[in-house]
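A.B. asks: Let me begin by handing over the structure; questions about it come next.
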Amino acid sequence: MASDLYTHPDYYNMDDLLTEEHKLIRESVRAWVKQNVSPIIEDYYERAAFPKHLIKGLGEIGAFGPYIPQEYGGPGLDHISYGLIMQELERCDSGLRSTSSVQSSLVMYPIYKYGNEEQRKKYLPKLASGEFLGCFGLTEPDHGSNPGGMLTNFKDAGDHVILNGAKMWISNAPLSDVAVVWAKDESGRIHGLIVEKGMEGFSAPEMHGKLSLRASITGELLFDNVKVPKANILPNKSGLGAPLGCLDSARYGIAWGALGAAMDCYDQALRYSKERIQFGEPIAAFQLTQKKLAEMITEITKAQLLTLRLGQLRNEGKATSAQISMAKRNNVEIALRIAREARQILGAMGITNEFSVMRHMANLESVVTYEGTHDIHLLITGMDITGISAFKREI
Ligand code: TGC
Ligand code: FAD
């Protein structure tokens, strides 16, 4: 990869709306990424490997559970800081952000929100520091967009339960020390269980062949009569709303993260267009190039405004699930479009690993699908404004 020259676009002086602390957090994460990740990411991506040696460093920069209070080992930051961290990580690679958002929003968040004090004290400090890595098992082979239909289940057996079933497409599964797993009890109600690596009957094989998000490891979670102590069941919330509440937090982070990928693509395309000479002129001089760049910065600026406002609402505890869906959907969509346009501006160079644009584009094809697909988020908006759910149709 060529040297990392990234500076973020700020067409509407959005930085004026951030605090000094926000800017300091962003700059320190950016510096860490430039020093530790940018030089190696292409290599790991091509080898389809996750740079495990970065896990401790992610903990040190506060990328695991940014808003988890200090008493549980987290940095106790606000939601805008969380967003800025996700933006800087995904500016480099969506897989890097995935690791951080799964650990923060899908593992630490449910333990913090739905767990008891003992569970919080036992797991959160280790997850915050990166001593433990976690994953989140909701999706199943036959239940992706419709997690409420899940088959994974557990039965009461005294001081423990017996867990059976299978999860698929689980980020970080093969590397994880703990998995927050969603399963139905005997009455069909969904609960979260903390399943630990090494429990008998539990395995997490890696899935291969991904052409997207290659620097992130994805796997299955298989449960064959796993004895899970009742003490590992999250007691404070059950029902489908429990995992969906975690998704709100993760989708919020993705809205910031995808914008980071978009800004990186724009930054590279703008710089290249001023340097690349064709027909005796920089290609930035051609109207068609300017149209592409002008449309990119317009979409980025709109998304920056949307995202920061969402961060303010989240800080005030007022952001609705539907507002988060709109931002996730919009920002991933514009990021994908910007990555495609940036690749065109780079010409043949755009398909090489000299630039991160093609990698972003391939990564975003996962991001547009996970955490609720593009169309599912559209339907969430539709349901919110009409009051009618289009998910379930009588056949
Ligand atoms: P529905 O009947 O609408 O809702 C069931 C209950 O849940 C409540 N609820 C929510 N609660 C909190 N947050 C939300 N976002 C919520 N959305 C709904 C709802 O109020 C209801 O509560 P109650 O008390 O009345 O029971 O459920 P539905 O079955 O119709 O499904 C709705 C739908 C389709 C929107 C939902 O299932 C959905 O979002 N599907 C998408 C699945 C998804 O996003 N999976 C993500 C898996 S994790 C992942 O992808 C990680 S990638 C990580 C990475 O690497 O970064
Ligand atoms: P499906 O649900 O089968 O959808 C296929 C198509 O049908 C989509 O276009 C969808 O929009 C459309 N569709 C479905 N229902 C409707 C409807 N009612 N109306 C209109 N269109 C509809 N899951 C986890 O639990 N944990 C993880 O850590 C995790 N990590 C992931 C990492 C990667 C790299 C990927 C690719 C996925 C990951 N997932 C994870 C799974 C992800 O959340 C699902 O892939 C996603 O929710 C979609 O489910 P599906 O792939 O089964 O698609």
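The values are calculated or read from the model by the stated rules, or taken from the named source; none is laboratory data. Remember, it's a predicted structure, so these values are computed and weren't measured experimentally. Don't worry about glycine lacking a Cβ; one is built from the backbone with ideal geometry, like all the others, and counts go over all protein chains shown. These area figures cover heavy atoms from the full protein model, side chains too; ligands, DNA and RNA do not enter into them. Shrake-Rupley method; radii C 1.70, N 1.55, O 1.52, S 1.80 Å.
A.B. asks: Just one of Tyr109, Tyr114 is outside the structural domain of Ala250 (by TED's automatic domain parsing), modelled with pLDDT of 95 or more and closer than 24 Å to Lys227 by Cβ; which is it?
C.D. replies: When all the criteria are applied, what remains is Tyr114.
A.B. asks: Being open to solvent by 50 Å² or more (accessible area, probe 1.4 Å), assigned by TED's automatic domain parsing to the domain that holds Leu222 and more than 22 Å from Ile217 (Cα to Cα) narrows it down to one residue among Asp159, Asp185, Asp142; which is it?
C.D. replies: After applying the criteria, what remains is Asp159.
A.B. asks: Related question: Within the range 227-258, count every residue that is over 12 Å from the mean Cα position of the chain (by Cα) and either buried (at least 23 other Cβ atoms within 10 Å of the Cβ) or modelled with pLDDT under 95 (or both).
C.D. replies: 2
A.B. asks: All but one of (1) in contact with a helix residue (DSSP H, G or I) (Cβ under 8 Å, 6 or more places away or on another chain); (2) over 27 Å from His208 (Cβ atoms); (3) among the acidic types (Asp, Glu) hold for Glu27; state the number of the condition that does not hold.
C.D. replies: All conditions pass for Glu27, except number (1).
A.B. asks: To continue, here is another question. One residue is enough: does the range 94-109 have a residue meeting the conditions more than 16 Å from Ser216 (Cβ to Cβ), over 12 Å from the mean Cα position of the chain (by Cα) and either surrounded by 24 or more Cβ atoms within 10 Å (Cβ to Cβ) or within 15 Å of ligand 2 (Cβ to nearest atom) (or both)?
C.D. replies: Yes; the residues of the range 94-109 include at least one that is more than 16 Å from Ser216 (Cβ to Cβ), over 12 Å from the mean Cα position of the chain (by Cα) and either surrounded by 24 or more Cβ atoms within 10 Å (Cβ to Cβ) or within 15 Å of ligand 2 (Cβ to nearest atom) (or both).
A.B. asks: Continuing with the same structure: Looking at Glu295 and the list (1) among the acidic types (Asp, Glu); (2) closer than 30 Å to Thr386 by Cβ; (3) surrounded by 14 or more Cβ atoms within 10 Å (Cβ to Cβ), which single condition is not satisfied?
C.D. replies: It fails just one condition, (2).
A.B. asks: When you go through (1) farther than 22 Å from Asn13 by Cα; (2) assigned to a helix (DSSP H, G or I) one by one for Thr301, which number turns out not to apply?
C.D. replies: So Thr301 meets the others, but not (1).
A.B. asks: Sticking with this structure for a sec: Do we find that Met207 is under 25 Å from the mean Cα position of the chain (by Cα) and within 16 Å of ligand 1 (Cβ to nearest atom) in this structure?
C.D. replies: Yes: the conditions hold for Met207.
A.B. asks: Further question on the same structure: Determine if the range 331-353 includes at least one residue that is of a type in the set (S, T, N, Q), more than 16 Å from ligand 2 (Cβ to nearest atom) and surrounded by 20 or more Cβ atoms within 10 Å (Cβ to Cβ).
C.D. replies: So far as the range 331-353 goes, yes, one or more of its residues are of a type in the set (S, T, N, Q), more than 16 Å from ligand 2 (Cβ to nearest atom) and surrounded by 20 or more Cβ atoms within 10 Å (Cβ to Cβ).
A.B. asks: Scan (1) within 14 Å of ligand 1 (Cβ to nearest atom); (2) within 19 Å of Ile233 (Cα to Cα) for the single condition Asn153 breaks and write down its number.
C.D. replies: If we test Asn153 against (1) within 14 Å of ligand 1 (Cβ to nearest atom); (2) within 19 Å of Ile233 (Cα to Cα), just (1) comes out false.
A.B. asks: Another question about this same structure. Anything in the range 12-66 that is assigned to a loop (DSSP other than H, G, I, E, B), open to solvent by less than 30 Å² (accessible area, probe 1.4 Å) and over 13 Å from Leu89 (Cβ atoms)? List them, or say none.
C.D. replies: Leu18, Ala49, Phe50, Gly65 - these are the residues of the range 12-66 that are assigned to a loop (DSSP other than H, G, I, E, B), open to solvent by less than 30 Å² (accessible area, probe 1.4 Å) and over 13 Å from Leu89 (Cβ atoms).
A.B. asks: While we're looking at this one, here's another question. Looking at (1) free of Cβ contacts under 8 Å to residues at least 60 places away in the same chain; (2) closer than 21 Å to Ile40 by Cβ, find the lone condition where Leu378 falls short.
C.D. replies: Evaluating Leu378 over (1) free of Cβ contacts under 8 Å to residues at least 60 places away in the same chain; (2) closer than 21 Å to Ile40 by Cβ leaves (2) as the failure.
A.B. asks: What number of residues within the range 360-389 are away from ligand 2 (no atom under 14 Å from the Cβ) and either open to solvent by less than 40 Å² (accessible area, probe 1.4 Å) or in contact with a strand residue (DSSP E or B) (Cβ under 7 Å, 6 or more places away or on another chain) (or both)?
C.D. replies: The number of residues fulfilling the criteria is 2.
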